[in-house]
Amino acid sequence: MRRVMLALVISAVMLGCGSGILLWLHHGVNDLLNDISTAEQQVRNGEVEQALSTLKLAQEDWREDEIYFSRLLRHRELDSITVSLDSLPAYLEYGDLASFFAMTSQAKCMIIHIWEAELPVWNNLL
């Protein structure tokens, strides 16, 4: 009986930790997606300085989250997002809006991919 209870407690702890990590990842992913979308909208409205400020905040948030994400996730995707976020301000500073929007699209796709790859669905478990 004690073994069954111990197994149930361990299972509950694992489920709780897994759910907590997934919620934390969801929060980080949504914040980053919102920051990128906000910067895109600011550029469309001609508010380049505000977009640069938004991107700087997004980069700082990403740097904080990346430290923890790198312990749980594949580095290739994380590195791709880091490179994308680091190149966005340069595109704005030099007025290359086409490359800016292409890179924001790429970054958002990679961020969404990370989220979808970590969901506990059959395709990811098999």
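Do we have any residue at all in the range 40-47 that's among the basic types (Lys, Arg), open to solvent by 90 Å² or more (accessible area, probe 1.4 Å), modelled with pLDDT of 85 or more and over 28 Å from Tyr91 (Cα atoms)? No - not one qualifying residue is present in the range 40-47. Based on what the data block shows, is His75 in contact with a helix residue (DSSP H, G or I) (Cβ under 8 Å, 6 or more places away or on another chain), closer than 19 Å to Ala107 by Cβ and exposed (fewer than 14 other Cβ atoms within 10 Å of the Cβ)? No. Of all the residues in the range 56-70, those that are among the hydrophobic types (A, V, I, L, M, F, W, C) and either loosely packed, with under 15 Cβ neighbours inside 10 Å or farther than 15 Å from Thr104 by Cβ (or both) number 3. Taking the range 79-109 as the range and being hydrophobic (A, V, I, L, M, F, W, C) and buried (at least 18 other Cβ atoms within 10 Å of the Cβ) as the test, the residues that pass are Ile81, Leu85, Leu88, Leu92, Phe100, Met103, Ala107.
Within the range 30-49, track down each residue that is among the aliphatic types (A, V, I, L, M) and either in contact with a strand residue (DSSP E or B) (Cβ under 8 Å, 6 or more places away or on another chain) or closer than 20 Å to His113 by Cα (or both).
Matches in the range 30-49: Leu32, Leu33, Ile36.
The values are calculated or read from the model by the stated rules, or taken from the named source; none is laboratory data. The structure displayed is predicted, hence computed values, not measured ones. We place every Cβ from the backbone using ideal geometry, glycine too, and count neighbours over all the protein chains shown. Heavy atoms of the whole protein, side chains included, go into the accessibility calculation; ligands, DNA and RNA do not. Shrake-Rupley method; radii C 1.70, N 1.55, O 1.52, S 1.80 Å.
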